[in-house]
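Take a look at the structure below.
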Amino acid sequence: MSQLLIVDDEEAVCWALKKAFSKLGHHVAVAPSAEEAFVLAAKQRFDAIVLDVRLPGLDGISAMAKLRSLTGNAPVVVVTAFGNLATAVGAVEGGAFDYLAKPFDLAQAIDTVTRALKQRAMQQAAVEPPANGTVAPPEEMVGTGAAMQEVFKRIALVAPRDACVLITGESGTGKELVARAVHRYSARRDRPFLPVHIAALNPNLVESELFGHVKGAFTGASQTRAGLLALADGGTVFLDEIAEIPLPVQVKLLRVLEQNEITPVGGSQPAPLNVRILAATHQNLERNVAAGTFRNDLFFRLNVFEIHLPPLRQRREDIVPLAEHFLRRFDVRLLPLVPATTEFLTAQRWVGNVRELRNALEHAVIVARGGPLLPEHFPVGAGVGMGTQPGEQLAAAVLIWLEDRVRTAGTQTPTEIYADLLKCVEPPLLEDLMRRLNGNRLIAAQWLGLNRATVRKKLAEYGLANVHRAGSAGGDGEDDEAG
């Protein structure tokens with residue numbers, strides 16, 4: 001049973017719509033003007049609004065924003081005469097759910113409003129948690145804390161729409177799982193879901209892989225081949241590590257998003273394409289835009305709606321539930337976990353996030369051989385970056401260090417963060433580098449990209465001035481004193 005508001009100054013239209021929707025069990029209110037609709041909307045809840053464009057007084061387009069704000073963003077179906085079709089389309093682009101062009105039949109109106117009510121129900125399910133305060137996670141996703149509840153809500157909110165989604169987060173947080181969940185709960189669920197890992201594609205053939213090519217387009221193109229985007233026509237394409245896509249290819253991808261058409265390499269005629277694009281990255285795309293390695297217009301086109309996945313260290317309440325989830329796959333005999341193991345798991349940083357936790361558990365299951373899972377069964381280094389790239393480990397370690405600094409500062413504003421970070425990382429870097437180079441400051445300065453005088457100053461600052469200085473075969477050009 002839904003509450004509908006019909007805003008139209010034609011009595012015949014209001015009468016017909018009210019009769020049709022009342023028969024379906026809905027409560028229907030009628031207003032002949034936008035001003036009267038505001039009064040009604042301020043007094044009672046409405047689940048959907050049918051709004052005529054041409055009204056006495058304030059027109060429907062101008063009234064739409066206020067009506068939506070009064071009704072908690074209830075979907076608006078715009079009604080327009082045929083000659084005002086461009087206005088109606090503009091209204092849809094500005095936030096209206098859909099439009100009806102006069103004259104319309106009742107079946108069309110009922111179908112459109114029914115779809116609007118379904119969207120409203122899904123929005124409310126996503127935004128308003130049930131009595132226990134949690135939202136059911138999508139299949140294969142585990143999370144009970146506030147951070148993941150927000151992720152689940154955002155998935156539920158955007159899945160029914162056809163908008164582009166940018167999924168961000170550190171490596172190993174589960175960005176592809178989010179993409180699969182968005183597809184699973186969308187209208188495209190029965191069509192293909194195609195994950196494409198940009199970084200894994202041959203850099204010289206990315207364009208051909210994505211958009212296809214015609215026979216003879218380049219050396220080795222012995223036959224026409226459809227690209228990955230065309231293979232997913234009607235479905236969803238997940239572009240993982242989107243920051244790795246070359247600049248020339250970004251231009252063609254932008255055209256796909258804006259024109260819904262694709263031109264293969266070597267081809268001259270574009271073909272229509274109907275795909276939804278979901279993209280993911282662990283990089284800061286705004287920083288890439290500023291550096292000129294990522295197009296500004298493509299960034300905004302992809303980032304219509306963002307879902308950010310927090311690192312596992314910021315959702316410690318999910319570590320044990322995740323471990324239990326993986327163990328039900330690997331070896332259910334190892335459940336329940338003993339207290340020592342749960343304490344061990346929750347104490348770790350899990351720099352590699354959920355992926356690292358899963359890999360560590362799989363290793364531990366093999367070692368445990370069906371017995372109780374104990375801390376000693378986990379690989380050395382578990383929880384501190386096992387399985388991640390060195391650069392990712394370093395970045396995660398910096399974030400962990402910063403979290404500790406902020407937490408220990410309490411209510412005080414932390415100061416000298418950058419200087420303190422340099423004091424942590426520069427001494428081991430300089431000491432090891434000088435040992436590798438047998439104390440040669442000239443070469444060390446070249447490796448570091450610093451002035452030799454700066455290197456000498458830093459070595460003195462950290463008490464490293466004599467590291468491998470004695471017996472240095474090549475010296476460092478003993479004119480250090482001259483700078």
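Some observations on this one:
- Yes/no for residue 349 being within 28 Å of the chain's Cα centre (by Cα), within 22 Å of residue 172 (Cα to Cα) and part of a helix (DSSP H, G or I): no
- Selected residue [of a type in the set (D, E, K, R), within 21 Å of residue 158 (Cα to Cα) and in contact (Cβ under 8 Å) with a residue 24 or more places away in the chain] from 258, 244: 258
- Yes/no for residue 354 being at negative phi, β-branched (Val, Ile, Thr) and not assigned by TED's automatic domain parsing to the domain that holds residue 172: yes
- Here residue 373 clears all of (1) part of a helix (DSSP H, G or I); (2) modelled with pLDDT of 80 or more except the condition numbered (1).
- Residue 135 vs. criteria crowded, with 18+ Cβ neighbours inside 10 Å and either at pLDDT below 60 or farther than 16 Å from residue 77 by Cα (or both): yes
- Any chance residue 125 is at pLDDT 70 or above and either of a type in the set (A, V, I, L, M) or assigned to a helix (DSSP H, G or I) (or both): no
- Test for residue 156: is it out of contact with any Lys or Arg (no Cβ under 9 Å at 6 or more places or on another chain) and surrounded by fewer than 19 Cβ atoms within 10 Å (Cβ to Cβ): no
- Region 354-369, subset modelled with pLDDT of 90 or more and not aliphatic (A, V, I, L, M), residue surrounded by the most Cβ atoms within 10 Å (Cβ to Cβ): 356
- Residue in region 208-226 that is out of contact with any helix residue (DSSP H, G or I) (no Cβ under 8 Å at 6 or more places or on another chain), at pLDDT 90 or above and exposed (fewer than 14 other Cβ atoms within 10 Å of the Cβ) present: no
- Counting only helices (runs of 4 or more DSSP H) that fall entirely inside region 378-466 and contain at least 1 residues that are at pLDDT 85 or above and in contact with a Cys (Cβ under 7 Å, 6 or more places away or on another chain), no element qualifies.
- Residue count, region 175-193 (criterion: buried (at least 17 other Cβ atoms within 10 Å of the Cβ) and touching a strand residue (DSSP E or B) at 6+ places or on another chain (Cβ under 9 Å)): 10
- Beta carbons closer than 8 Å, at least 6 apart along the sequence or on distinct chains, pair a first residue in region 339-353 that is modelled with pLDDT under 90 with a second that is hydroxyl-bearing (Ser, Thr, Tyr) and assigned to a loop (DSSP other than H, G, I, E, B) for 351/388; 352/171; 352/388.
The values are calculated or read from the model by the stated rules, or taken from the named source; none is laboratory data. Being a predicted model, the structure only gives us computed values, none of them experimental. So basically every Cβ, Gly included, is an ideal-geometry build from the backbone, and we count neighbours across all protein chains shown.
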